[in-house]
1. Please go through segment 81-96 and pick out each residue that is β-branched (V, I, T) and either assigned to a loop (DSSP other than H, G, I, E, B) or within 15 Å of I32 (Cα to Cα) (or both).
2. Mind listing whichever residues of segment 13-28 are under 16 Å from R75 (Cβ atoms) and touching a strand residue (DSSP E or B) at 6+ places or on another chain (Cβ under 8 Å)?
3. Mind listing whichever residues of segment 24-80 are within 18 Å of E91 (Cβ to Cβ), among the small types (G, A, S) and in a strand (DSSP E or B)?
4. For segment 80-89, does any single residue satisfy the condition of being closer than 15 Å to I23 by Cβ, in contact (Cβ under 8 Å) with a residue 12 or more places away in the chain and in contact with a strand residue (DSSP E or B) (Cβ under 8 Å, 6 or more places away or on another chain)?
Amino acid sequence: MTDHSKERRTFMRMVVDAPVTVIHGGRRLAGICRDLSANGMSIEVEEDGIREGDELLVSLATSSNLLPPFQAQARVIRATPHEPIYRLGVEFVSVA
């Protein structure tokens with residue numbers, strides 16, 4: 001069993017499960033944001049080719065047309081294949 005009282009994360013993660021657009025090397029990819037925190041997010045994509053250290057632009061739509069999408073430059077800190085998807089852990093470098 002895991003002792004969650006010793007969680008090392010600085011920020012709480014929110015489960016989101018929302019569509020996210022990922023721009024990587026000029027390619028526009030559709031993904032799913034699985035969770036979100038103040039300093040990063042977990043994303044699932046169906047495309048291979050994204051590696052640790054790669055820079056991405058991520059755009060997460062808001063639930064209101066009155067608010068612009070959340071956009072951030074992000075760096076991949078984890079890229080794990082789970083066929084047929086790829087799970088990415090990214091940290092925000094700058095938020096637009």
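Computed from the coordinates by the stated procedures, all read-outs in this text should not be read as laboratory data. Keep in mind that what you see is a predicted model, and the values were worked out from it rather than measured. FYI the Cβ positions are ideal-geometry reconstructions off the backbone, even for glycines, and counts take in every protein chain you see.
1. Hits for segment 81-96 are I85, V90.
2. Result: V20, V22, I23, H24.
3. G31, S37, G40, S42, S59, A72, A74, A79 - these are the residues of segment 24-80 that are within 18 Å of E91 (Cβ to Cβ), among the small types (G, A, S) and in a strand (DSSP E or B).
4. Looking through segment 80-89, at least one residue is closer than 15 Å to I23 by Cβ, in contact (Cβ under 8 Å) with a residue 12 or more places away in the chain and in contact with a strand residue (DSSP E or B) (Cβ under 8 Å, 6 or more places away or on another chain).
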